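The values are calculated or read from the model by the stated rules, or taken from the named source; none is laboratory data. Model, not experiment: these values are computed from the prediction. Methodologically, a virtual Cβ is constructed for each residue, glycine included, from the backbone with ideal geometry; neighbour enumeration extends over all protein chains shown.
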Amino acid sequence: MVSQDVNYCTYDTTIFVPQPDSLKANLTFVNPSCPDEFDGWAQVIPEGGTEDYSVLWAGPGNANGNTSPNLDLLGPGVYRVLIQDANYCEVIDTAILISDAMTCLNIPTAFTPNADGYNDWWEIVGIEYYPDARVQIFNRWGEQIFYTENYLDQPFDGTYRGIKLPVDSYHFIIELNNGSPPITGNVTILK
């Protein structure tokens, strides 16, 4: 900038106006462990721009309208975060949380109903996520030997009509009744 005084003397002045770095959202997240679990989380750390920052989340559950930089108890879904700095500059970032697991179930392939206090019934871990699930078990001839719509209260104990079943492999069908296809496989009774 060139200026001149009343005596027509000129002088040159440079004015440096610092610009902040571009506003960025450093977004990190952890996916939920399974599709029906809410153990995922997301965190955003604003960088650049001009402090103070405001944060606004959009997404399912407790994310929608949340203004904290940290979200927890997240299930699968799309979570968007808007960051605004003191100069009203904005940046938006997105976290897509998905689970690698198809279900929250851990289905054992064998159990030992021998009344020793260990592994005495077929314990399907995660069945509590599916309160409408139906579990059916069939012998090698296709005869249904077990059926329940309430597996938590009535797990398979290796008996049929009160009689212990022999060591063998049995076919199962688990219908979660949540729109997913039935889960099929085999469970073996060991002694």
Within the stretch 148-191, tally of residues that are at pLDDT below 95, within 27 Å of the chain's Cα centre (by Cα) and either polar (S, T, N, Q) or not assigned by TED's automatic domain parsing to the domain that holds residue 127 (or both): 4
Residues of the stretch 167-182 that turn out to be out of contact with any Pro (no Cβ under 7 Å at 6 or more places or on another chain) and closer than 14 Å to residue 137 by Cα, as a count: 6
Number of the condition not met by residue 73 [criteria: (1) under 21 Å from residue 34 (Cα atoms); (2) touching a residue at least 40 places away in the same chain (Cβ under 8 Å); (3) not in a loop (DSSP other than H, G, I, E, B); (4) not basic (Lys, Arg)]: (2)
Matching entry among 67, 50 (being touching a residue at least 24 places away in the same chain (Cβ under 8 Å), over 30 Å from residue 126 (Cα atoms) and either outside the structural domain of residue 178 (by TED's automatic domain parsing) or surrounded by 15 or more Cβ atoms within 10 Å (Cβ to Cβ) (or both)): 50
Qualifying position, being of a type in the set (Ser, Thr, Tyr), closer than 26 Å to residue 39 by Cα, surrounded by 12 or more Cβ atoms within 10 Å (Cβ to Cβ) and in contact (Cβ under 8 Å) with a residue 24 or more places away in the chain, among 151, 170: 151
Complete set of residues in the stretch 142-191 that are of a type in the set (A, V, I, L, M, F, W, C), closer than 23 Å to residue 118 by Cα and out of contact with any Lys or Arg (no Cβ under 8 Å at 6 or more places or on another chain): 145, 146, 152, 156, 163, 165, 172, 187, 189, 190
The stretch 112-125, residues that are crowded, with 16+ Cβ neighbours inside 10 Å and touching a strand residue (DSSP E or B) at 6+ places or on another chain (Cβ under 7 Å): 113, 122
Qualifying positions in the stretch 28-47 - in contact with a Cys (Cβ under 6 Å, 6 or more places away or on another chain) and surrounded by 19 or more Cβ atoms within 10 Å (Cβ to Cβ): 34, 36
One residue from 72, 85 being surrounded by fewer than 17 Cβ atoms within 10 Å (Cβ to Cβ) and outside the structural domain of residue 182 (by TED's automatic domain parsing): 72
Qualifying residue in the stretch 11-20 (condition: at pLDDT below 95 and either within 12 Å of the chain's Cα centre (by Cα) or not in a loop (DSSP other than H, G, I, E, B) (or both)): yes
Residue satisfying all of: in the stretch 83-103; within 10 Å of the chain's Cα centre (by Cα) and in a loop (DSSP other than H, G, I, E, B); farthest from residue 31 (Cα to Cα) among these: 101
Residues being farther than 14 Å from residue 147 by Cα, touching a residue at least 12 places away in the same chain (Cβ under 8 Å) and in a loop (DSSP other than H, G, I, E, B) - total across the stretch 173-189: 3
